[in-house]
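Please treat every number below as a calculation from the coordinates, not as lab data. Everything numeric here is computed off the predicted structure, so don't read it as measured data. All Cβ positions, even for glycine, are placed from backbone atoms using ideal geometry, and neighbour counts span all protein chains on display.
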2 protein chains.
Amino acid sequence: MDYTWLGLVAGTGVLAILFAMVVTGRINAFKVDNENVVRLSSIIQRGAMAFLYREYKALIPFVAIVAVLLGYKLGLPSAVCFLVGAVCSASTGYAGMRVATKSNGKTAFAATSGMNAALRVAFQGGSVMGMTVVGVGVIGIVAMYVLYGDPNVIASFGFGASSIALFARVGGGIYTKAADVGADLVGKVEAGIPEDDPRNPAVIADNVGDNVGDIAGMGADLFESYVNSIIAAMSVGAMIYGTAGVAYPLFLAAVGIVASILGTFFVRVKEGGDPQLALRMGLISTGALMILGTFFVTRWMFQGDLSLFWAVLGGVASGVAIGYVTEIYTSASYRPVKEIAEASNTGYATNILSGIGVGMKSAGWPVVLICAATLVGVKFGGLYGIACSAVGMLAITGMALSVDAYGPIADNAGGIAEMSGLPKTVRSITDKLDAVGNTTAAIGKGLAIGSAALTALALFVAYGQAVKLSAIDLKDPHVMVGLFIGGLLPFIFSALSIQAVGRAAQKMIDEVRRQFREIPGIMEGTAEPHYESCVDISTAAALREMVVPGLMAVIVPVLVGYFLGVHALGGLLGGSIVTGVMLAIFMSNAGGAWDNAKKYIEEGHHGGKGTPAHAAAVVGDTVGDPFKDTAGPSLNILIKLMSVVALVLAPLFI
Amino acid sequence: MDYTWLGLVAGTGVLAILFAMVVTGRINAFKVDNENVVRLSSIIQRGAMAFLYREYKALIPFVAIVAVLLGYKLGLPSAVCFLVGAVCSASTGYAGMRVATKSNGKTAFAATSGMNAALRVAFQGGSVMGMTVVGVGVIGIVAMYVLYGDPNVIASFGFGASSIALFARVGGGIYTKAADVGADLVGKVEAGIPEDDPRNPAVIADNVGDNVGDIAGMGADLFESYVNSIIAAMSVGAMIYGTAGVAYPLFLAAVGIVASILGTFFVRVKEGGDPQLALRMGLISTGALMILGTFFVTRWMFQGDLSLFWAVLGGVASGVAIGYVTEIYTSASYRPVKEIAEASNTGYATNILSGIGVGMKSAGWPVVLICAATLVGVKFGGLYGIACSAVGMLAITGMALSVDAYGPIADNAGGIAEMSGLPKTVRSITDKLDAVGNTTAAIGKGLAIGSAALTALALFVAYGQAVKLSAIDLKDPHVMVGLFIGGLLPFIFSALSIQAVGRAAQKMIDEVRRQFREIPGIMEGTAEPHYESCVDISTAAALREMVVPGLMAVIVPVLVGYFLGVHALGGLLGGSIVTGVMLAIFMSNAGGAWDNAKKYIEEGHHGGKGTPAHAAAVVGDTVGDPFKDTAGPSLNILIKLMSVVALVLAPLFI
């Protein structure tokens, strides 16, 4: 094997890690001169790390059993790849969250000296996560490829990453939303105290939850998307173009890393400038550099044949367009969110119905755009084109995730500012940074959903190649049965995670109500609430409730493949991709729209805070919480996990 | 062609019609000796008939244009079949609703002399609808077969029936739920007056809505299911067994009609007896007679080969089992509904989340049972077996629909009793009859959903045969794109109908609030509210809002077939069946569960009426209204309509 190009690709991965280390050093060097901030930040960090530690410990038996089974059935290489994938995913989550939970307090403190300083710290914190994910991802894949040289074996690396990601997303999502719903419904609605008020017993659990859900969960999520898109393309490419087909997606990834690192230098804001513009500049310049790089790499690798460049460009364009559509359906600047706010005037039920309607409708354009990207990919690069367009969408993960992870850091900084009694100006700066993050994150979400669909399709194609089927014929009743079962899984999965949040939230509500009732002086601020019991409720719920949906995703495809055969398993993948994508978009966007409808009313529309319209909007927001932060994003992982399970285990079913 | 057997089949259809006429005569002969009841019943009847008239008039251009296009592109027979199908569907809706709106007042009056008399009138009213649907259905199909002799041409008859059904379900569903939501939210929640209180301006619209939605809409729905299952089986059977394959489903239908007529004689209750038992006896005896008849018909037609009998039996068994599962998820006797009631204790948001979770989860077993029926059908009768098991499920429509339509009649009778000031005992009798109807209707719903899935599959198979595809390969990206678009349509369709109800309900709420505010003496009962303006709001909303979802269902398959080809259209059908079935079950059951959770609390659990838990449950019920009565049942029609459109137009896309 010629190692030069592999060294080059791995080199960009190392570069990303070095970059993350340098940035981490800078964050560490930033000193916080406020005892309260330091104390709160460290409470949150300890809570978050403790949860992550327990979560990983709980996953060890699962990982060990699967590794042994893989080794027994498919040989040592699969077991090794799976283990390394799982460990890489866990480490990126750990590293990213460690830095993020350091950055939140520093961001809050930096905000005392202005917007610019706060933006810098928060973005730096996010970029450590972003660069770690892509660096570890590329290095891991290259290492496995050097060791085993077969993309279908490396699929186990993706399997490891996906399974950790699913548990992390579901567990983190349940943790954060149980705390959030509990804190909001009793604190804000019943007791009438503001968000992040230290008198609220669930406030620490809520802030810890933001980290384990939005940071660690999202990191594992994007790590999984990133490596699986690359592995799927390598797998399909190896069949069609041999080594060149394997190398191309890795080069795209390398170009994306360089573009992302360069892009970070465009994220700068003058005092009084617009942070929105700064982040957008970072994304746009990264995207432009990525496209430029892809152009040259494609021309060089395929002797001037630019077909695949167009396939990738189609993917990137539709990903950005999906992000734009997402913004239209979830931002208060456009009609859908205003409609939900309007519907809040006539009460709870019309608010809920309106949000569900908006969410379902919002799946329309994204699905059309995914179809367009598929057709463009096929036209210019066949099935390989679809796979490459997914890689193209995700190659800028380094930057996209930096922006994504920046949001929760700013959000947490706001919470710390509130709780530690920093001046009101600080909170208004962090609020602004948070709001900016939400908007920019829409593009990231668009890329995530679009690429999930395309990656799942590519994995599906790779599966079809691996089991050597001439056709997965929909007219075959077994395929149809598979399609039904596959289509069902995202519904069951969503139901399980929503019910889990609901149950945990009910316990949290009861506990918060109990503390308000039984601890004297709690409302006057003279007695401290018992934060730990709320943290325990969230932790226990997350660890208990993540088991069934997580296992289901791994076990059902195996059972269907074993009992109904490879055709039915193909149908299952098709069905799960379709309903999974629809439900994911529906739930994510409905949740986002409800959230922003509430904020829109809080800005003073329809009477503002304290009106019945506002009360209705708060309920909508609460319903949307597990939609957008637990079930919705987990579905993106679910469909890829099932596809990668099918691909890895394909040899057993033939 | 040998007309003897066709005459025999048509004869049972004539028998059903005669039966309906005799029963109608008896209902007419029943005299109501209460002026208030007569007046109210006639107001409701006039309102309902006026709406139906306007609805049909609005559909004339659509029917005319489609007929002309069909005639132009496929020849006169298709156009004639389409027109006859549309007219048959409209007439059964008309006839059934006419009798039902006569029976409601008579049921209320009969209840003054006891449960037994009331049950008899209500069930007689429902059975006119049931028998008319099957009679007209069988006669129509036989007539078209005698005329043209080709099941693929007769598919246009199903097309006509389906398109009218979709508009009727969507229009009726929007009408009834806009009125219901408006009446409930302002009347019950805000003003605190009971259901069906004559002081509520939306009360007449609400009662009219029950008829146009639950009676006319459901009749058109089941007419469509019934004829399409038969046509699909004829179409598939003709390819495999020739005339015998065409005759078998018609014989099943004939057996079902005879069984249903005989079954009505088992519906009788002694004074003080259990009406639940009476209805169940009717269903069970009909089912038993149907199975017995199928056994002999199969043995006779296939020379002792009972394979198809097992296929049919599998269908019937899984349909009944789906009904049982439906009851578990929607009846207050079981855990899911109790969980929702429990979740209402912690407020609106947890009630909503719990209901959504229960609804999504409730899709699990029904889908598994549909898969089981499919596999059993295939094992014993190949693709034809699937089609026959759907016919088996629906053959007892005569009885199932009688029981289904009985429910809304009893419900309406209760409203009339309330408004006309009949003694409290009357209302308690009608309430009991209504509750019994709800439970027994669960089995009917199970049959409807199961048969919709199987019928859609059978139509899909017939489509595959008609376009002569060797495979509809999921690995083909065009099929996958079709699958995505098909999977999207039920979401968009649901969104449109939910938003339509939401918008109309908001208008209704504003109007009812306005009347309460502006009409002096309305709350004291000294001034009559302005019922007509509420009727107008529902009517206008229904007629306006049914257009887009209805047209979408017809136009999108045509566009996909035309622009992306027959493979993509196959994918579209597959995708729409999968998400359509899931969403239909989710929405119907979530709505039913919310409804019964509210009733459970009203019985005194969790503090009963007037508590915050009850308020939360009322909101859940309101959210569930358009789920279970507008979007959910319409989806059953949608998936079959799209399949039948594809089948009819298949020759154009080859």
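A few notes on this one:
- Electrostatic dipole magnitude of chain A [Cβ: Lys, Arg +1; Asp, Glu -1; Cα centre; debye, to 20]: 800
- Vicinal HN-Hα couplings computed from phi for the stretch B:480-489 (Karplus, 6.51 cos²θ - 1.76 cosθ + 1.60; Hz; Gly/Pro x): 5, 4, x, 4, 5, 5, x, x, 6, 4
- Pairs from A:LYS188/B:LYS445; A:LYS177/B:LYS445; B:LYS475/B:LYS640; A:LYS338/B:LYS609; A:LYS338/B:LYS338; A:LYS445/B:LYS475 whose Cα-Cα separation, in the structure shown, is over 30 Å: A:LYS188/B:LYS445; A:LYS177/B:LYS445; A:LYS338/B:LYS609; A:LYS338/B:LYS338
- Global form of the stretch A:513-606, assessed from the alpha-carbon gyration tensor, a/c cut-off 1.5: oblate
- Hits among lysines - C-alpha to C-alpha of B:LYS270 under 24 Å, sequence gap 8 or more where chains match: B:LYS31, B:LYS106, B:LYS424, B:LYS432
- Within-11-Å neighbourhood charge of A:LEU277 [Cβ basis; K, R +1; D, E -1]: +2
- Shielding by partners - mean other protein chain Cβ count within 10 Å, residues of B:567-577: 3
- Note on the protein assembly as shown: with charges restricted to the Cβ of Lys and Arg (+1) and Asp and Glu (-1), its dipole about the Cα centre is near 1460 debye.
- With the cut-off at under 17 Å, measuring from each backbone N in the stretch B:247-262 to a point 7 Å along the Cα-to-Cβ line of B:VAL146 picks out B:247, B:250-251, B:254.
- Number of partner chain Cβ atoms within 10 Å, mean per residue of B:205-215: 0
- Using θ = phi - 60° and Karplus 6.51 cos²θ - 1.76 cosθ + 1.60, couplings along the stretch A:506-519 (whole Hz; Gly, Pro as x): 4, 5, 4, 4, 4, 5, 5, 4, 4, 5, 4, 7, 9, 8
- Reciprocal mean inverse distance between Cα atoms of the protein assembly as shown - Kirkwood radius, Å: 31.4
- Residue by residue, the stretch A:334-347 carries 3J(HN,Hα) couplings of 10, 4, x, 5, 4, 4, 5, 4, 4, 5, 5, 4, 9, x Hz when phi is fed to the Karplus relation 6.51 cos²θ - 1.76 cosθ + 1.60 (θ = phi - 60°); x denotes Gly or Pro.
- Under conditions of 10 °C and 1.306 mPa s, the stretch A:413-541 yields 78 µm² s⁻¹ as its translational diffusion coefficient, taking Rh as the Kirkwood radius over Cα pairs in the Stokes-Einstein equation.
- Straight-distance candidates among the aspartates and glutamates for linking to A:LYS102, with alpha-carbon spacing under 16 Å and chain neighbours fewer than 8 residues away dropped: A:ASP33, A:GLU35, A:ASP210, A:ASP214, A:ASP411.
- Tilt relative to chain B, helix B:243-264 - C-alpha long axis, 0 to 90 degrees, to 10: 30
- Sparsely packed loop sites in the stretch A:272-316 (the chymotrypsin sites (Phe, Trp or Tyr not before Pro) outside DSSP H, G, I, E and B with at most 16 other Cβ atoms within 10 Å) comprise A:PHE302.
- Cα-based helix-to-principal-axis angle, B:632-653 vs chain B, degrees rounded to 10: 30
- Estimated inter-spin distance, B:LYS468 and B:ALA288, nm [label 7 Å along Cα→Cβ]: 5.1
- Ranked by the mean number of other Cβ atoms within 10 Å of their residues, highest first, the peptides A:390-398, B:350-358, A:249-257 fall in the order A:390-398, B:350-358, A:249-257.
- Cβ crowding within 10 Å averaged over residues, with A:492-503, A:163-174, A:77-88, A:277-288 ranked highest first: A:163-174, A:492-503, A:77-88, A:277-288
- For chain A, the longest principal axis of the C-alpha atoms and the axis of helix A:3-29 are separated by about 10°.
- Between B:SER333 and B:TYR72, the FRET efficiency from the beta-carbon distance, with R0 = 60 Å, is close to 0.60.
- Pairwise FRET efficiency - A:ASP2 versus A:ILE654, Cβ, R0 = 25 Å, nearest 0.05: 0.20
- Loop-located trypsin sites (Lys or Arg not before Pro) in the stretch B:421-492 (DSSP state other than H, G, I, E, B) with a sparse environment of at most 11 neighbouring Cβ atoms within 10 Å: B:LYS468.
- For chain A, calculated [θ]222 nm from helices alone, where every DSSP H run of n ≥ 4 adds -39500 (n - 2.57): -30000 deg cm²/dmol
- Pair B:ARG46, B:SER307: separation of 7 Å Cα→Cβ label points (nm): 6.1
- The mean number of partner chain beta-carbon atoms within 10 angstrom of a residue's beta-carbon across peptide B:578-584 is 6.
- In terms of its C-alpha gyration tensor, the stretch B:356-462 has a prolate overall shape, because the principal axis ratio a/c (a ≥ b ≥ c, square roots of the eigenvalues) is not below 1.5 and a/b outweighs b/c.
- The orientation-averaged shadow of the Cα convex hull for chain B, equal to a quarter of the hull surface, comes to 25.9 nm².
- For the stretch A:551-654, the pair-distance distribution built from all alpha carbon pairs, in bins 10 Å wide starting at 0, is 16, 32, 21, 15, 11, 5, 0 percent.
- Shape call, the stretch A:111-185: gyration tensor on alpha carbons, a/c limit 1.5: oblate
- Span from the the stretch B:394-464 Cα centroid across to the the stretch B:359-385 one, whole angstrom: 23
- If you take the Cα centroid of the stretch B:202-252 and the Cα centroid of the stretch B:480-515, the two points sit 25 Å apart.
- Around the amide H of B:ILE522, modelled in the peptide plane, lie the amide H atoms of B:ALA527, all under 5 Å away and 5 or more residues distant in sequence or on another chain.
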